[in-house]
Amino acid sequence: MLKQTEGSQAVAEAIALCRPEVVCAYPITPQTHIVEGVGALVKAGKVENCEFINVESEFAALSVAIGASAAGARAYTATASQGLLFMGEAVYNAAGLGLPIVMTIGNRAIGAPINIWNDHTDSMSMKDSGWIQLFAETNQEAVDLHIQAFRLAEELSCPVMVCMDGFILTHAYERIDVPSQEEVDAFLPPYDPIQVLDPAEPYSIGAMVGPEAFTEVRYLAHEKQLQALRRIPEIGAVFKDVFGRQSGGLIHSYRTEGAETIAVALGSVNGTIKEVIDGMREDGAAVGSVSICSFRPFPSAELRAALAGAKHVVVIEKSLAPGLGGIVASNIRLALRETTVPVYTVIAGLGGRPITMSSLREVLEAAGNGRLPEVQFLDLDHGAVEHEILRAKQTRRAGPTAENILRNLGQSAVVGNE
Amino acid sequence: MTDETALQRVKFYQTGTHTVGNRLMNEARRSVQASMDRSNAITSGHRACQGCGEALGARYALDAALRASDGQLVAVNATGCLEVFTTPYPETSWQIPWLHSLFGNAPAVATGVAAGMRRKGRADVRVVAQGGDGGTTDIGFGCLSGMFERNDDVLYICYDNEAYMNTGVQRSSATPPTARTATTPAVGDAPGNIFGTGKNLPLIAMAHNIPYVATANVADLHDLEDKVTTAMAIRGSRYIHIMVPCPLGWGSASDATIHLARMAVESGLFPLFEAEHGQVTRSKKIRRRVPVEDYLRPQRRFAHLFKKGHEDTERIARLQRMADANIERFNLLGEREAP
Ligand SMILES: Cc1ncc(C[n+]2csc(CCOP(=O)(O)OP(=O)(O)O)c2C)c(N)n1
Ligand code: SF4
Ligand SMILES: [Mg+2]
């Protein structure tokens, strides 16, 4: 049903429609509205046969999900930022055990300095944990990806993270089509586990594995992701049959025909990028964009094809690998290793900094003119940075960097609801 | 205590051994292990050290739980010796469904299993979570406290060998004062672990007001089984803390495991008691009180206390005072019940 609603609320309703059996949650901004929404639906008896467990940490949240999933129940949790790091050990464990848990990430920066606003550092920290990572471009896609995520996870027995931009999506009110129970039931069969704790057929799960088999186990984790590479578009197609709209898939290309400069990005910023592309196209520039929906598995072949005609690839990414540059760009460079196309990194939107159309246009034009450095920080305040570098040179006991920069900006720190 | 056991009272003790003879007992009162068709959670062939108290404790505890649950049992295991020595795959010793996730999350995983079972219409399947003292009192403490606080339907068993054994005998918050471990070496003015540290998990468990808390010990396997059986008859969070000597970590003879476990109880250092909803309901009386020295001396981890010519009498006395305080607190002397 089409309605004007908050992204988090719509996702909560989508989760409920997926008939989870165990939901565990620990609060962290900007994930809170999602789990509150699911919790309210469970408490009101709107989710048949479901338990909502308030746990003492994210580490426990995912651990409870691990236990529930191993018992054969459909399990869900959600987190963000520090919470994802706090559960880090269990994130790898859930994937290693092959448990099809679905988890929402309300993408948020990671401290220090503590920051509640959006970027992708949290999800990127777990990119190689063995989870499938799907990034939603819109709230409609966030809703749809969750429904697809359970099917994908359970088919492959592999956990799936659905990543949606904190605040930009989680807290945005817009028109969203939340499907009906009948539609979801037609698309998502009940969970039929490949392994389950059952006294009638006892086996050990999570045993010690030595060098004699560890590589093979890890290889199979890789192979599972390669299978997902095939299944994600197929599931997207089935989804379209049932729900009548295209959602998910590996990548989405936008006006890439004949484009010389192509922007690549994950998540909601693609909306802004498309606007910029439209404007530049109108002015005759040969530009286009590609949105990556599936970051893990990484769709190398699809990206190679989508970027085949480009002379410049500009990766707009909301995370930073200090000492290297861009994480997404590194992955794309690997995909394009047989070409000589330059791949630029634009680090943008860190800790919630707005990514403006004018700044985006500037970098795309600079790339077209061959004036873009390999790694560019969008709208970096060079003055503030240089001031701080100089100050730190002058005195050993320079004090805390973040606080100094804020003082220099003549602002007092605005602390949100951590 | 039944009339019958009261009648048999004298006969229970075989001269010189202090063990309760299975053969002399009423069949219903015999240990699970004595039965031909005993439940069997862990088969032999695992890789524990000779004389491992943890292997013994786990087998008795889980067999009792298996029997109490009519075979409908799942075990969740924290990382540690028990996990490692039972499952160098494909040689798993577990005859029941068993799940190991991480070192610090066994209580939460068990909560999840219990919830999952309920949702799958299998509330008859009972869940036991288990871990070593390190996994329980240190790294898994947050998850355990959460599990207690929510009163989740799990029996958690801690096998306390008083150090991180699996990684080579390092200090945990259950390591007693003066004990030598790899991280509390027997050097300096006060060799071994220091006084004034550590935590008492059974008391902390009681502070959560959960329905059942008990301590047990591998020297009294009947008592251990009874406590597991009692715990299994209750729904909600239950905690059993079992002292399990570790020949490797303690520097004790592998045939001294039972003896040391008994000395720990008889000296008062390890009180055996049960508590319901935060109140101690029963304590097991000391049968023949011994000085702490009888417990400490056979263990090389305490050897520095007994150096020839300069015994550390002051710190031995301090350990004795700890034992005396336990005896007082848990009322460990006085009239004993028949076993
Ligand atoms: C997060 C994490 N930290 C450390 C370890 C290493 N580790 C594995 S087992 C173990 C010791 C276990 O000690 P305890 O819980 O007392 O059990 P025991 O082996 O003594 O029975 C340690 C430190 C680990 N596996 N995971
Ligand atoms: S080190 Fe100790 S606890 Fe571990 S197997 Fe050996 S005796 Fe048992
Ligand atoms: Mg230990």
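The values are calculated or read from the model by the stated rules, or taken from the named source; none is laboratory data. Being a predicted model, the structure only gives us computed values, none of them experimental. Quick reminder, even Gly has a Cβ in these numbers, built from the backbone with ideal geometry, and neighbours come from all protein chains shown.
Which pairs turn up if I take residues in the range A:89-116 that are over 26 Å from A:Ala16 (Cβ atoms) and in contact (Cβ under 8 Å) with a residue 40 or more places away in the chain and look for partners that are aromatic (Phe, Trp, Tyr) and not in a strand (DSSP E or B) with beta carbon separation below 7 Å, at least 6 apart in sequence or on another chain?
Sorted first by the residue in the range A:89-116, then by its partner, the pairs are A:Ala109/A:Trp117.
For A:Gly309, which of the numbered conditions (1) modelled with pLDDT under 95; (2) crowded, with 20+ Cβ neighbours inside 10 Å fails to hold?
(2) is the only condition that A:Gly309 fails.
Every residue in the range A:58-100 that is among the β-branched types (Val, Ile, Thr) and closer than 12 Å to B:Val109 by Cβ, please.
The answer is A:Val64, A:Ile66.
Of the numbered conditions (1) over 20 Å from A:Asn93 (Cα atoms); (2) within 16 Å of ligand 3 (Cβ to nearest atom); (3) part of a helix (DSSP H, G or I), B:Phe148 satisfies every one except a single condition; which is it?
(2)
Would you tally the residues in the range A:171-223 being away from chain B (no Cβ under 12 Å), buried (at least 18 other Cβ atoms within 10 Å of the Cβ) and under 27 Å from B:Lys120 (Cβ atoms)?
So the answer is 4.
Among the residues of the range B:154-166, are any away from ligand 3 (no atom under 16 Å from the Cβ) and β-branched (Val, Ile, Thr)?
Yes, the conditions are met somewhere in the range B:154-166.
Of all residues in the range B:162-188, count the ones that are assigned to a strand (DSSP E or B) and within 22 Å of the chain's Cα centre (by Cα).
3
State yes or no: is B:His208 farther than 17 Å from B:Lys284 by Cβ and either crowded, with 17+ Cβ neighbours inside 10 Å or touching a residue at least 60 places away in the same chain (Cβ under 8 Å) (or both)?
yes
Within the range B:95-142, which residues are outside any helix (DSSP H, G or I), in contact with a Pro (Cβ under 9 Å, 6 or more places away or on another chain) and within 16 Å of ligand 2 (Cβ to nearest atom)?
Listed by number, the list holds a single entry, B:Gly131.
Being buried (at least 20 other Cβ atoms within 10 Å of the Cβ) and at positive phi is the filter here, so list the residues in the range A:237-284 that pass it.
A:Gly248, A:Gly249, A:Gly267 - these are the residues of the range A:237-284 that are buried (at least 20 other Cβ atoms within 10 Å of the Cβ) and at positive phi.
Working only within the range A:51-68, note down all residues that are more than 7 Å from chain B (Cβ to nearest Cβ) and surrounded by 21 or more Cβ atoms within 10 Å (Cβ to Cβ).
The answer is A:Glu58, A:Ala61, A:Leu62.
Please go through the range B:81-125 and pick out each residue that is crowded, with 24+ Cβ neighbours inside 10 Å, within 21 Å of A:Tyr191 (Cα to Cα) and more than 7 Å from chain A (Cβ to nearest Cβ).
B:Ala114
Restricting attention to the range B:253-269, does a residue exist that is among the basic types (Lys, Arg), outside any loop (DSSP other than H, G, I, E, B), in contact with a strand residue (DSSP E or B) (Cβ under 6 Å, 6 or more places away or on another chain) and modelled with pLDDT of 95 or more?
no
Would you check if there is a residue in the range B:57-71 being assigned to a loop (DSSP other than H, G, I, E, B), within 8 Å of chain A (Cβ to nearest Cβ) and within 16 Å of ligand 2 (Cβ to nearest atom)?
Checking the range B:57-71: not a single residue is assigned to a loop (DSSP other than H, G, I, E, B), within 8 Å of chain A (Cβ to nearest Cβ) and within 16 Å of ligand 2 (Cβ to nearest atom).
For the range B:166-205, which positions are buried (at least 22 other Cβ atoms within 10 Å of the Cβ), of a type in the set (Gly, Ala, Ser) and away from ligand 1 (no atom under 16 Å from the Cβ)?
Hits for the range B:166-205 are B:Gly192, B:Ala205.
Is it the case, given these coordinates, that B:Met36 is at pLDDT below 70, in a loop (DSSP other than H, G, I, E, B) and more than 14 Å from chain A (Cβ to nearest Cβ)?
no
When residues of the range B:153-165 are filtered for being within 14 Å of another protein chain (Cβ to nearest Cβ) and surrounded by 24 or more Cβ atoms within 10 Å (Cβ to Cβ), how many remain? Walk me through how you get there before you give the answer.
Restricting attention to the range B:153-165, the residues satisfying the condition of being within 14 Å of another protein chain (Cβ to nearest Cβ) are B:153-154, B:156.
Those still in the list that are surrounded by 24 or more Cβ atoms within 10 Å (Cβ to Cβ) too: B:154, B:156.
Adding up the residues that qualify gives 2.
Search the range B:75-96 for residues that are farther than 19 Å from A:Glu201 by Cβ and modelled with pLDDT of 95 or more and pair each with any residue that is among the aliphatic types (A, V, I, L, M) and surrounded by fewer than 20 Cβ atoms within 10 Å (Cβ to Cβ) when their beta-carbon atoms are under 7 Å apart and the residues are at least 6 apart or on different chains.
Sorted first by the residue in the range B:75-96, then by its partner, the pairs are B:Val84/A:Met208.
Within 15 Å of ligand 2 (Cβ to nearest atom) and assigned to a helix (DSSP H, G or I) - does that describe any residue in the range B:281-293? Talk me through it step by step, then tell me what you get.
The initial filter retains those residues of the range B:281-293 that are within 15 Å of ligand 2 (Cβ to nearest atom), namely none.
No, that holds for no residue.
Filter the range B:234-268 for residues that are farther than 26 Å from B:Phe85 by Cβ and of a type outside the set (Asp, Glu); which is surrounded by the fewest Cβ atoms within 10 Å (Cβ to Cβ)?
Kept after step one, since they are farther than 26 Å from B:Phe85 by Cβ, are these residues of the range B:234-268: B:234-237, B:266-268.
Now restrict to residues that are of a type outside the set (Asp, Glu): B:234-237, B:267-268.
Values: B:Ile234: 14, B:Arg235: 12, B:Gly236: 15, B:Ser237: 27, B:Ser267: 25, B:Gly268: 25.
Selected residue: B:Arg235.
In the range A:282-327, which strands (runs of 3 or more DSSP E) lie fully inside it and hold 1 or more residues that are in contact with a strand residue (DSSP E or B) (Cβ under 8 Å, 6 or more places away or on another chain) and farther than 27 Å from A:Pro354 by Cβ?
A:294-296
Please go through the range B:138-151 and pick out each residue that is more than 8 Å from chain A (Cβ to nearest Cβ) and either at pLDDT below 95 or surrounded by fewer than 24 Cβ atoms within 10 Å (Cβ to Cβ) (or both).
B:Asp138, B:Ile139, B:Phe141, B:Asn151
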